[in-house]
């Protein structure tokens, strides 16, 4: 019995080691989305350039046009090791700038951050799959994107005889290719012979169900995931309700909570669907999702001003710490009554309020729970109702005196 248990234990460990080796082997040879993990992406291109736009993944792959194949970067180190997205700590960010020509442009930079001079090779691999993952099915089904033929001339790599081509800013040292039966190994691809006519590297059709629909990968959503999705879609409604109820702290907590769902965080975007497990593969809808982004923008604007019947209420969501640090306000904020301008500026005795354009009566709601400031207008003190103050018609300038500011004592002279 003990001998059988030892043999069984060794067999179990051997199976686990084999599985881990196979996983690592596949992990470094294909895209994250093909391995049962959720990937993330964003749209790139030029203004009004729908036919020349593409997707870039958080792992650095670039999809060549809508539904097209993708380019994946890899680096061969000086010792011959090949480094892919699976071997590095990934970080995403945004940079200023725009394309000057109606083309899809992408720039890869390879920098040596060490003190020792080294020789690296940047490899850009054309892969027969989209950045858009297999579980996406609306508008443009994701997954495979067949590469049926490749032709190379002096400056371009022509793909599928359909007008799609790749042009690099610098001529590559070598261009190689392998058919599908050559495997997924990037090392084998780099070692393949160079050529000008490269045929039949393609990927088979995606599996479909009995109704002809593409099979989606991943698990179905549970009740907790649905609740999180619904809450996020109702962000503006719920956050706005909290502001109107006089609960700005809860409104800010809600915004902070949903900020955690930006993926990747460096790209400042949301998907249409968000799950607690960032790598669980599932249909995500549009990403970036303009509807959610618009709701977030409107939620933030409501912090500074919103409409309440026939009047405008300002300041309901301003944090007291903001008022202590720098001027706070809006300029040209669109409302149903026309543009709104106001500015609260801290000074030695409290704050100065400049109310510029306002097409409706304006009410100031003072943030926080500290003592209300004394508001003077033409040598008169205006009265608060609760924490709200109806302001004189715009344009108007008011001084708000902070009663908690310590003032220096003046000694009288005999």
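Please give the FRET efficiency for residue 180 paired with residue 86, using the beta carbon to beta carbon distance and R0 = 25 Å, rounded to the nearest 0.05.
My answer for the efficiency is 0.75.
Stretched out straight at 0.36 nm per residue, the stretch from residue 191 to residue 396 would grow longer than its current Cα-Cα span by 66.3 nm. Segment residue 286..residue 345, full-extension length gain: 17.2 nm, with 0.36 nm per residue of separation and the alpha-carbon distance subtracted.
Compared with the direct C-alpha span, the chain from residue 371 to residue 113 gains 87.5 nm at full extension, assuming 0.36 nm per residue. Relative to one another, the C-alpha centroids of the stretch 249-286 and the stretch 128-167 are positioned 29 Å apart. Over the stretch 29-199, the Kirkwood radius and the radius of gyration, each from Cα atoms, give a ratio Rg/Rh of 0.94.
Between residue 381 and residue 404, what FRET efficiency comes out of the Förster formula 1/(1 + (r/R0)^6) with R0 = 22 Å and r the beta carbon distance, rounded to 0.05? Intermediate results must be reported in sequence, preceding the final value.
Values: r = 17 Å, r/R0 = 0.77.
Result of the calculation: an efficiency of 0.85.
Which order do 107, 365 fall in if you start with the one that has the fewest other Cβ atoms within 10 Å? If you can, show how the numbers build up before the last one.
Values: 107 7, 365 20.
Lowest count first: 107, 365.
If you model the stretch 293-414 as an ellipsoid using its alpha carbon gyration tensor, with each semi-axis the square root of five times an eigenvalue, the axes come out at 29, 16, 12 Å, biggest first.
Any read-out appearing in this document is the output of simple, stated calculations on the displayed coordinates, not a laboratory observation. It should be emphasised that the depicted structure is a prediction, and the values quoted were computed from it without experimental measurement. Reconstructed Cβ throughout: ideal geometry from the backbone, glycine too, with neighbour counts over all protein chains shown.
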